[in-house]
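The values are calculated or read from the model by the stated rules, or taken from the named source; none is laboratory data. All values reported here derive from a predicted model rather than from experimental measurement. Quick reminder, even Gly has a Cβ in these numbers, built from the backbone with ideal geometry, and neighbours come from all protein chains shown.
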Amino acid sequence: MPAIPTLKISISGVRGVVGDSLTPDLLTRFSQAFGTYIGSGRVVVGRDTRTSGEMVRQAVVAGLLSTGCRISDAGVCPTPTVQLLVRHLRAHGGIAITASHNPPEWNALKFVGPDALFLSGGRGRELLDIYHQGDYTKARSHRLRGVEDVPDAVDLHLDAVLGAVGPLPAGRRPKVVIDSCNGAGAVAGPRLLERLGAEVIGINVTPDGSFPRPAEPTAENLRSLCDAVRRHGADIGFAQDMDADRLAVVSEEGTPIGEERTLLLAIEHVLSQTPGPVVVNLSTTRAVEEVAARYGCRACRTAVGEANVTAGMQRFRAVIGGEGNGGVIYPAINFARDSLVGMALILHRLVSSGQRVSELAAALPPFEMVKMQFPFPSQRLRDVLRRAAREYQAYPQDLRDGVKVTLPDGWFLLRGSNTEPVMRVIAEADDAGAAHALAARVREQVEAWVTEPPRP
Amino acid sequence: MKPLKIGIGGVRGVVGETFTPELVVGFAQAFGSYLGRGRILVCRDTRPSGPMVAAAVTAGLLATGNEVVDLGICPTPSLQLAVGWLGAVGGVSVTAGHNPAHWNALKFVRHDGIYLTASQAEELLDVYHQGRFDKAGWDAIPRRVEKAEVIGHHLEVLRAQFDVARVRARRFRVAVDCCNGPCSLLSPRWLEELGCEVLAINDDPAGPFAHTPEPKPENAVQVRAVVKAGRADLGLVHDGDGERVSLVDEGGRALSEEMTLPLAADMALQERVGPVVTNVCTTMAVDLVAARYGAPVVRTPVGQPFISEAMLDHRAVIGGEGNGSVAVPRVQPTHDSAATIGLLLSHLASAERPLSALADALPQTVMVKEHVPIEPNLIYRALQDFRDAVQEEAEGRTDLADGVKVGFPDGWVHVRASNTESMLRLIVEAHGTARARELVDWAHDRLGR
């Protein structure tokens, strides 16, 4: 297999490895391209706690200022806080400095448009064109602006969540353990839980960018959270990723309920209060349709990617949406994946149901999903995906984003990552054995196809 | 062609044209790679582009694994003194000194607080051009930028080096024009500590440059008015980064910036006789003053790195250049207008006479300085043509250390390429205006311009 590049420049931003491909030169030029694209004006900048965050921030600030932008610096904060501030400050755009769940050597820029949504699709391509053309706005000296700190950025976000969801009913004070992975969630998560009225026990809540566990809040990375939930006899455990957009839930038994169920619990609470359409991406569990049906609501599917889901939510006037990776999007606050909103909704669900987390999880429709990812050279993506589509042409397919094949006893989705040189396989079936077998079979096929010479 | 100067004086250009964040990031990475990992101080002057440039410098230095200490707005000499104090391996001052506000530049300071020498600056340029910079991985990259306040330390050193009590006793009244530059944060405080009644103008670092930040009589109009209206004992005009200062006497007369060094040299030599260092095109009043004390004068090429290096080599008692910059080695062997003020006021305090009398007692010469703008690609050609044109008639009287200096029995002519702008600088000195004009015409004839 050819060497795997450590830089991903795509319509969803620029992502690379610090000390390798993610140089300050690249970052400052990308920021100039963004400043040029949005036509100067105010830009919100925030970052997660990665060790490279300050270097990246300085490069971004230099690039933006040189195009005449005025910067509102939110400091260390969740990515959804950046999106919220763009709207709140009526900014022309935002840059979130985070490689969300990637390992510590990565960092990235995510670009937010004036509508507080991530740039993607056409707008992402326009930004890339400007970057590649290299003809950036150069503001004359007297037109240069400065950097203003927004010290209350996180407070604004917490106020918004509490305003939309409300504190927990009086007299109910669930005991919650939160694991913020020493990421940006540490500056917001514990405070939100306290303001909601929970009893809070924090682990990994020092926002220093040391990775006490891999950042992705998958079951295998949540051992210390599970232990803490059991040890403290807590009602629930929450885990955030580095930029606090995704959320995982651990039951009172100390068992991760699976990221798909994060979204399902949030959907249940919202639909129980305000029935309406649900929008999720095509790699999220088919249980979404079943849960929505229980409340007489419908679910719509979009391509993978936060921007696609938020666009779909706007189109279908969704009351709730998100992604099966623990990304809850609640439009009453913002069109952004937001672990803070997720925690607030799920705690409300927990308290108002009077049930335990394990009981709530058990009451959801049964399904098993397997997610696998393995290294894959980005340049082979197209032809290997075409090969997969040919192989399974006898079955219904959705080709909006990778290749999704619905088989008689389940489905699988094969897609490249926008952010890393990896291939992802997601398979869902009624039981774990069948889901595993399906995912493993597809992975084997992909690894065989990539050794074949590409077809023209 | 667009103005950009990359050379031994650092890198300098116009913001919004050539002085881009990529360029700055590249130079910062080159400097970080060149010094090796350690602590590096970063300061800036008050130009509108300062925050942009300082951020680019910081990004580059962090990327090479260097710890950055942000000094915010402060005079370059305050940074230079702080390098040793804070245990840093070097510093970067973001300032274009006397250039207009739309310029900016990086000045590179080494571990001992003096600028990179010419040969070190060339090594830095090689690192920059090769482009293979040190890259710190995620576990080595500094996570945060510390801040430090170094002007207080600068004042502490100044207090220890001058007889503050003696100056305080005189209760001088001093008008000072900080040009809204970084000296706004140092100079009035220092004067107050010296017991002066301070009449400060243009001392708002958030304001725009009140005039071209070059201390010379044509920029002293405001401070002259303040001296006269406020009956001050003297007036001071600062530059954009705290290296140069020019003087206004108690009568409101603006002294040429060339006179700052001879005056300071006279004072330093009264304390101790030793070598005086200056560059090839500084007034011959320096030689005449030194001769009164039997002190040798060492002439260097133009540029502060040369002055500092020669001052260390020759154990000089004073150094400086004709642009109003003076280095007082007991404070630091590098241009420092606050140290210049300390020397000046401590001598004025014990002198029986006012500044005007001290100035009048200096050798009186006439200097003419002219700029000859030239396309950047033709500068050295023009200089070479001039050298060829004067070679025969000036046989034995030329000094080629920096540009071409031609000596006459009663004066001199010097033509050199500017280190900072796309032009030739023509400087002429003689004992009288008429003779000076003659020499200017002589030079123009041979420059063919």
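Computed quantities for the displayed model
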item	result
The one condition in (1) surrounded by fewer than 24 Cβ atoms within 10 Å (Cβ to Cβ); (2) at the interface with chain A (Cβ under 9 Å from one of its Cβ atoms); (3) in contact with a strand residue (DSSP E or B) (Cβ under 9 Å, 6 or more places away or on another chain) that B:Arg39 fails to fulfil	(2)
Unmet criterion (only one of (1) outside any strand (DSSP E or B); (2) within 14 Å of chain B (Cβ to nearest Cβ)) for A:Ile95	(1)
Residue in the stretch A:11-50 that is surrounded by the fewest Cβ atoms within 10 Å (Cβ to Cβ), counting only those that are part of a strand (DSSP E or B) and over 18 Å from the mean Cα position of the chain (by Cα)	A:Gly41
Elements of type helices (runs of 4 or more DSSP H) contained in the stretch A:305-382, each with 2 or more residues being within 30 Å of A:Glu452 (Cβ to Cβ)	none
B:Val24, sole failed condition from (1) within 11 Å of chain A (Cβ to nearest Cβ); (2) within 20 Å of B:Val83 (Cα to Cα); (3) not polar (S, T, N, Q)	(2)
Residue match in the stretch A:158-165 (condition: under 30 Å from A:His232 (Cβ atoms), outside the structural domain of A:Ser353 (by TED's automatic domain parsing) and among the charged types (D, E, K, R))	yes
Qualifying residue in the stretch B:219-239 (condition: touching a Lys or Arg at 6+ places or on another chain (Cβ under 6 Å) and among the acidic types (Asp, Glu))	yes
Tabulated pairs, the stretch B:23-43, first in the same structural domain as B:Tyr128 (by TED's automatic domain parsing) and touching a residue at least 24 places away in the same chain (Cβ under 8 Å), second of a type in the set (S, T, N, Q) and outside any helix (DSSP H, G or I), C-beta under 6 angstrom, 6+ apart or interchain	B:Gln29/B:Thr64; B:Gly32/B:Thr64; B:Gly32/B:Asn66; B:Ser33/B:Thr64; B:Arg37/B:Asn66; B:Ile40/B:Asn66; B:Cys43/B:Ser93
Selection from the stretch A:52-67 of residues that are under 16 Å from B:Lys135 (Cβ atoms) and crowded, with 24+ Cβ neighbours inside 10 Å	A:Ser52, A:Met55, A:Val56, A:Gln58, A:Ala59
A:Lys175, sole failed condition from (1) among the charged types (D, E, K, R); (2) within 14 Å of chain B (Cβ to nearest Cβ); (3) in contact with a strand residue (DSSP E or B) (Cβ under 7 Å, 6 or more places away or on another chain)	(2)
Search result, residues across the stretch B:44-64 that are more than 8 Å from chain A (Cβ to nearest Cβ) and touching a Gly at 6+ places or on another chain (Cβ under 7 Å)	B:Arg44, B:Asp45, B:Thr46, B:Leu61, B:Thr64
Given (1) within 11 Å of B:Val326 (Cα to Cα); (2) touching a strand residue (DSSP E or B) at 6+ places or on another chain (Cβ under 7 Å), number of the condition B:Val227 does not satisfy	(1)
Residues (more than 14 Å from chain A (Cβ to nearest Cβ) and at positive phi) located in the stretch B:65-89	B:Gly87
The stretch B:143-155 - residue that is touching a Cys at 6+ places or on another chain (Cβ under 9 Å) and in a helix (DSSP H, G or I) and, of those, farthest from the other protein chains (Cβ to nearest Cβ)	B:His154
Filter pass, A:Asp155 being over 20 Å from the mean Cα position of the chain (by Cα), away from chain B (no Cβ under 14 Å) and not β-branched (Val, Ile, Thr)	yes
Number of the condition not met by A:Gly321 [criteria: (1) crowded, with 24+ Cβ neighbours inside 10 Å; (2) out of contact with any Pro (no Cβ under 7 Å at 6 or more places or on another chain); (3) small (Gly, Ala, Ser); (4) modelled with pLDDT under 95]	(4)
Some residue of the stretch B:107-127 being over 22 Å from the mean Cα position of the chain (by Cα), more than 14 Å from every other protein chain (Cβ to nearest Cβ), under 25 Å from B:Pro208 (Cα atoms) and aliphatic (A, V, I, L, M)	no
Condition broken by A:Arg298, with the remaining ones in (1) over 19 Å from A:Ser180 (Cα atoms); (2) out of contact with any His (no Cβ under 7 Å at 6 or more places or on another chain); (3) surrounded by fewer than 24 Cβ atoms within 10 Å (Cβ to Cβ); (4) touching a residue at least 40 places away in the same chain (Cβ under 8 Å) satisfied	(4)
Strands (runs of 3 or more DSSP E) within the stretch B:156-249 that include 3 or more residues touching a residue at least 24 places away in the same chain (Cβ under 8 Å) and under 18 Å from the mean Cα position of the chain (by Cα)	B:234-238, B:245-248
Per-region count, the stretch A:61-78, residues within 22 Å of A:Gly16 (Cα to Cα), more than 7 Å from chain B (Cβ to nearest Cβ) and touching a Phe, Trp or Tyr at 6+ places or on another chain (Cβ under 8 Å)	1
The stretch A:107-152, subset among the aliphatic types (A, V, I, L, M) and within 14 Å of chain B (Cβ to nearest Cβ), residue surrounded by the most Cβ atoms within 10 Å (Cβ to Cβ)	A:Leu109
Filter result (buried (at least 21 other Cβ atoms within 10 Å of the Cβ) and either in contact with a Gly (Cβ under 9 Å, 6 or more places away or on another chain) or assigned to a loop (DSSP other than H, G, I, E, B) (or both)) within the stretch B:390-416	B:Gly403, B:Val413, B:His414, B:Val415, B:Arg416
Positions within the stretch B:128-142 being within 14 Å of another protein chain (Cβ to nearest Cβ) and either out of contact with any Leu (no Cβ under 9 Å at 6 or more places or on another chain) or assigned to a strand (DSSP E or B) (or both), in sequence order	B:Tyr128, B:Gly131, B:Arg132, B:Phe133, B:Asp134, B:Lys135, B:Gly137, B:Trp138, B:Asp139, B:Ala140
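Every residue, every condition in (1) within 29 Å of A:Pro454 (Cα to Cα); (2) at the interface with another protein chain (Cβ under 7 Å from one of its Cβ atoms), yes or no:
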{"site": "A:Gly13", "(1), (2)": "yes, no"}
{"site": "A:Gly19", "(1), (2)": "no, yes"}
{"site": "A:Gly35", "(1), (2)": "no, no"}
{"site": "A:Met55", "(1), (2)": "no, yes"}
{"site": "A:Ala59", "(1), (2)": "no, yes"}
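Residues checked against (1) more than 26 Å from A:Ile97 (Cα to Cα); (2) hydroxyl-bearing (Ser, Thr, Tyr):
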{"position": "A:Thr206", "(1), (2)": "no, yes"}
{"position": "A:Phe211", "(1), (2)": "no, no"}
{"position": "A:Pro217", "(1), (2)": "no, no"}
{"position": "A:Leu222", "(1), (2)": "no, no"}
{"position": "A:Ala228", "(1), (2)": "yes, no"}
{"position": "A:Gly233", "(1), (2)": "yes, no"}
{"position": "A:Asp241", "(1), (2)": "no, no"}
